Amino acid sequence: MEERFDRPGIQGVLHRPVSPNGGGIVLAHGAGSNADAPLLVQLSRAWAGAGYLVLRFDLPFRQQRPKGPPFPALAARDREGILRAVEAVRQLSRGRVFAGGHSYGGRQTAMAAAEHPEMAEALLLLSYPLHPPRRPEQMRTAFFPDLRTPALFVHGGRDPFASLEELRQAMALIPARTDLLEVEGAGHDLNLAQQSLAAGILARLHALVCYPEN
């Protein structure tokens, strides 16, 4: 069941599962999109079908204006919006909460987790924008050494924002557990032609949070 979710500072769509498993997932969109991005809609519906309560929401910059990119100087407000969304889902669920998003949304979610390690049990970073296209010298990894939350990167083999090898090298900077799920042949938009992708993501997230401690 899908319903509009409107609380102070949070606007989006809540997917309530018919047979809840207690877990929750929070998804933020990319810089040029909104909560109705086809990628987020398809994943949210699939995961609700698997028993998760899923919230896909508009970041604060998108709540302010329907079009246009975010302002870098106001990114902290987007991270505050992510924290509010995660807390709202945590209040509605009784199990683990996974948080993430596509591109800019995933990046800001990861930065929020670096600042607040208790925010979520694991991160889902779809098409992490490691650097601007054709500008590999502008790496967006300054906070990686501070990240203590397990993170799953889902990345297309043809994503211009990072090659798979660049991403693997960057992930080595993260002290928490990480995993990389390659979507063969996909670009930055992560075309979900593979029906098994949603289930594959869940399996990898579960493996991250259930990994036995040494």
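Helical content alone sets the calculated 222 nm signal of the chain at -9500 deg cm²/dmol, taking -39,500 (n - 2.57) per DSSP H segment of four or more residues and averaging over every residue. Annotation for segment 35-110: trypsin sites (Lys or Arg not before Pro) lying in DSSP loop with at most 10 further Cβ atoms inside 10 Å of their Cβ are Lys67. Please work out which option in [x] 19.6, 63; [y] 15.7, 48; [z] 17.7, 57 gives Rg and Dmax of the Cα atoms in Å calculated from these coordinates, and answer with its label. Correct label, based on the coordinates given: [y].
Ordering Gln11, Ser103, Gly23 by the projection of their Cα atoms onto the charge dipole of segment 2-209, which places +1 on the Cβ of Lys and Arg and -1 on the Cβ of Asp and Glu, puts Gln11 at the extreme positive end.
Computed about its Cα centre, the charge dipole of the chain is approximately 400 debye, with only Lys, Arg, Asp and Glu carrying charge at their Cβ. Count charges around Leu14 for me, please; just the other residues with Cβ under 9 Å from its Cβ, Lys/Arg as +1, Asp/Glu as -1. Net local charge, Leu14 excluded: +1.
May I ask for the net charge around Phe61, where only other residues with Cβ less than 15 Å from the Cβ of Phe61 are counted and Lys, Arg are +1 while Asp, Glu are -1?
On the way: positive: Arg62, Arg65, Lys67, Arg77, Arg79, Arg84, Arg107; negative: Asp58, Asp78, Glu80.
Local net charge: +4.
Expected output is a single nm value to one decimal: the length gained when fully extending between Arg16 and Arg134, i.e. 0.36 nm times separation in residues minus the C-alpha distance. What is it?
On the way: separation 118, 0.36 × 118 = 42.48 nm, distance 4.06 nm.
38.4 nm is the gain from fully extending Arg16 to Arg134.
One Cα centroid belongs to segment 28-45, the other to segment 1-15; the line between them spans 13 Å.
If we sort 134-147, 31-44 on the protection proxy, mean other Cβ atoms within 10 Å, highest first, what's the order? Walk me through the numbers before you get to the answer.
Working: 134-147: 13.3, 31-44: 19.0.
Final packing ranking: 31-44, 134-147.
Only Cα pairs under 8 Å and 6+ residues apart enter the sum, and on that basis the relative contact order of segment 117-201 stands at 32 percent.
Values quoted throughout were computed directly from the atomic coordinates according to the rules given, and no laboratory measurement underlies them. Note that the structure is a prediction, hence the values are computed from the model and not measured. Backbone-built Cβ (ideal geometry, glycine too); neighbour counts: all protein chains shown.
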